[in-house]
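Below is one structure, written out as structure tokens; comments come after it.
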Amino acid sequence: MQIVFRSCFIALALIMAFVSRSYAIDLQPGEIRAPKPGMNIIQASYFLSERGDLYVDKEKQPGNPEIVAQQFLLRYGRSFEIFGHPGVTYVQSSTGYVHPGGSLSKYEGDSGFGDTTLAFGVWPYANQDTKSYVAVAAYLTVPTGSYSHERLFNMGENRYRPALQVGFHAPFIGGLEWMGALDAVWYQTNPDYGSQRKNLAQDALYSGQLGFMYNVTSAFSAAATYFYSAGGETSLDGVGRNDDLRQNRYMLTGIAKFPFGRVTLQYGGDITTRNGFFEKYKLIVRYTKVF
């Protein structure tokens, strides 16, 4: 009986960790600042993350699961002006792999292209003098990534994901600035999930983030961000899984500006998670060039 329960826990957590592995729409420190119109923005990012212990309803489960994921993302954006307000749009896609190990080594991993995200943002309020901004953005992730119903681990999700976000950025004290954002992600049904090709549905996921950035010099900044996500329960053929997400995360960031572009180094992970595999760490290296 214990083996049966553990198998159910594993299946539930796999759904949470890799069918709905996209949580909040994580903004980078300073990203809510309105750009000047007519700029091209190219960004290349490298992600490396490792997940370990499995939690079900806040309880750590037996076993030694290990999941390593790596991604290389490329983004192209363009800033503009719309009805007198700053705006930006971008397209972003990725390639990489996800490899299960430890007690999950019997499962097949995946490598290839990830899903593609399209974004459109506008600043209804942007005061360059006071460095205060309010931005709203719409996102659409389209299923261009590698996917097979025979795998539980996939680079793509085989479904569309629209999202909306509102963000705020303003000075705090001295060289310290603060940033906050709220977002909601909705999920189209995946009609081809698992070996039995069931319909996988998911409730909306709601997230918030709050961060502080300190400008050490004109060329270097440091930031810390806290994230909270809730919701996102999944169901198979209309049967709920009771796997809603209650997750607390953190991210530490260092930003250096050079004549050849901006280099960003980020490190973070989970603080607590209610359901799914605990993210031990996430390492991100970004290069951004604006011209």
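The values are calculated or read from the model by the stated rules, or taken from the named source; none is laboratory data. This is a predicted model, so every value here is computed, not measured. Methodologically, a virtual Cβ is constructed for each residue, glycine included, from the backbone with ideal geometry; neighbour enumeration extends over all protein chains shown.
How many of the residues making up segment 181-201 are touching a strand residue (DSSP E or B) at 6+ places or on another chain (Cβ under 8 Å) and either outside any strand (DSSP E or B) or within 30 Å of residue 217 (Cα to Cα) (or both)? Here the count works out to 8. Restricting segment 248-278 to residues that are under 20 Å from residue 187 (Cβ atoms) and touching a Lys or Arg at 6+ places or on another chain (Cβ under 7 Å) leaves a set whose member that is surrounded by the most Cβ atoms within 10 Å (Cβ to Cβ) is 277. Just one of the listed residues (79, 93, 111) is in a strand (DSSP E or B), within 30 Å of residue 127 (Cβ to Cβ), out of contact with any helix residue (DSSP H, G or I) (no Cβ under 8 Å at 6 or more places or on another chain) and among the hydroxyl-bearing types (Ser, Thr, Tyr), and it is 79. Taken over segment 134-180, the criterion of being at pLDDT 95 or above, among the β-branched types (Val, Ile, Thr) and either assigned to a strand (DSSP E or B) or in contact with a helix residue (DSSP H, G or I) (Cβ under 7 Å, 6 or more places away or on another chain) (or both) is satisfied by 134, 136, 141, 142, 166.
A single entry from 117, 130, 144 fulfils the requirement of being in contact with a Gly (Cβ under 9 Å, 6 or more places away or on another chain), of a type outside the set (A, V, I, L, M) and within 28 Å of residue 87 (Cα to Cα): 144. When the criteria are applied in full, residue 96 meets the requirement of being touching a strand residue (DSSP E or B) at 6+ places or on another chain (Cβ under 9 Å), of a type in the set (Gly, Ala, Ser) and over 30 Å from residue 173 (Cα atoms).
Within segment 57-95, the set of residues being farther than 30 Å from residue 245 by Cα and among the hydroxyl-bearing types (Ser, Thr, Tyr) comprises 76, 79.
Kindly indicate whether residue 48 is surrounded by 14 or more Cβ atoms within 10 Å (Cβ to Cβ), modelled with pLDDT of 95 or more and within 24 Å of residue 231 (Cβ to Cβ).
no
Put simply, of 232, 174, 240, 194 the only residue that is farther than 30 Å from residue 289 by Cβ and without any contact (Cβ under 8 Å) to a residue 12 or more places away in the chain is 240. Considering segment 113-140, the residues that are surrounded by 14 or more Cβ atoms within 10 Å (Cβ to Cβ) and more than 18 Å from the chain's Cα centre (by Cα) include one that is nearest to residue 91 (Cα to Cα), namely 122.
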